[in-house]
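This report concerns only the one structure given below.
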Amino acid sequence: MNPRRKKRLLVIIAVLFGIGTSIGLVLYALQENINLFYTPSELIDGKGPNKEKPHIGQKLRIGGMVVPGTVERNEQSLQVSFKLIDTGPLVTVRYQGILPDLFREGQGIVAQGVLVEPNVIEAFEVLAKHDEEYMPAEVAEAVKGIKHEKPKYNLDSGN
């Protein structure tokens, strides 16, 4: 092999090695930041056709309805614990912090956190879902032809 071809081959091999290393590092970094969405049933029973369950310590997001009567607040700290349900088993969510204003029992929420037990999530973020049926008055009128009126609140009496 002449020296010119040998030099080209070495450059091509070096470039391919660099690209391969870069792709490997990017995939490794993404693996740490991927958090899959689960429902309580999928968390307990498994997700997909293979019924794959997340492992302890995995970051994930979980969505469901807050079960009425399960919200427990620690009076000494901002620690809150509550149970989520969809159509199957219950999952406990523990959260340290101030809950969103829209959070309430019977409301849909999405929590992002780490699986600490097979049915317990240690959340670092809780998002309350707003009403899916909300529609601005102008849009509702255009779509449904229904006349919306503003509520008649008396600001002086607090009603």
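Computed from backbone phi with θ = phi - 60° and the Karplus coefficients 6.51, -1.76 and 1.60, the 3J(HN,Hα) list for region 105-113 is 5, x, 9, x, 9, 10, 10, 10, x Hz; x is used for glycine and proline.
Heavy-atom accessible surface of region 36-128, averaged per residue, reaches 55 Å², computed with a 1.4 Å probe.
The label point for Arg61 and the one for Leu10, both projected 7 Å from the Cα toward the Cβ, are 5.0 nm apart.
Expressed as a whole percent, the accessible surface of region 36-128 that belongs to carbon and sulfur atoms is 53, based on a 1.4 Å probe.
Go through Lys59/Lys83; Lys53/Lys129; Lys53/Lys83 and tell me which ones have a Cα-Cα distance over 21 Å in this structure. Intermediate values should be presented prior to the final figure.
On the way: Lys59/Lys83 18 Å; Lys53/Lys129 25 Å; Lys53/Lys83 19 Å.
Going by Cα-Cα distance, Lys53/Lys129 fall outside the 21 Å limit.
Paramagnetic label reach from Leu99 (point 7 Å along Cα→Cβ; backbone nitrogen cut-off under 11 Å): within region 45-72, residues 66-72. Computed over region 36-128, relative contact order equals 30 percent, with contacts defined as Cα pairs under 8 Å that lie 6+ residues apart.
Please work out the Cα convex hull volume for region 36-128 and give it in Å³ per residue.
On the way: hull volume 7.7 nm³, N = 93.
Per residue, the Cα convex hull of region 36-128 comes to 83 Å³.
Grab the other residues whose beta carbon is less than 12 angstrom from that of Ser81, score K and R as +1, D and E as -1, and report the net. In short, +1.
The values are calculated or read from the model by the stated rules, or taken from the named source; none is laboratory data. Just so it is clear, the model here is predicted, and its values are computed rather than measured. With ideal geometry, Cβ positions are generated from the backbone for all residues, glycine too; neighbour counts draw on all protein chains shown. To get the accessible areas, we keep the full protein, side chains included, count just its heavy atoms, and leave off ligands, DNA and RNA. Shrake-Rupley method; radii C 1.70, N 1.55, O 1.52, S 1.80 Å.
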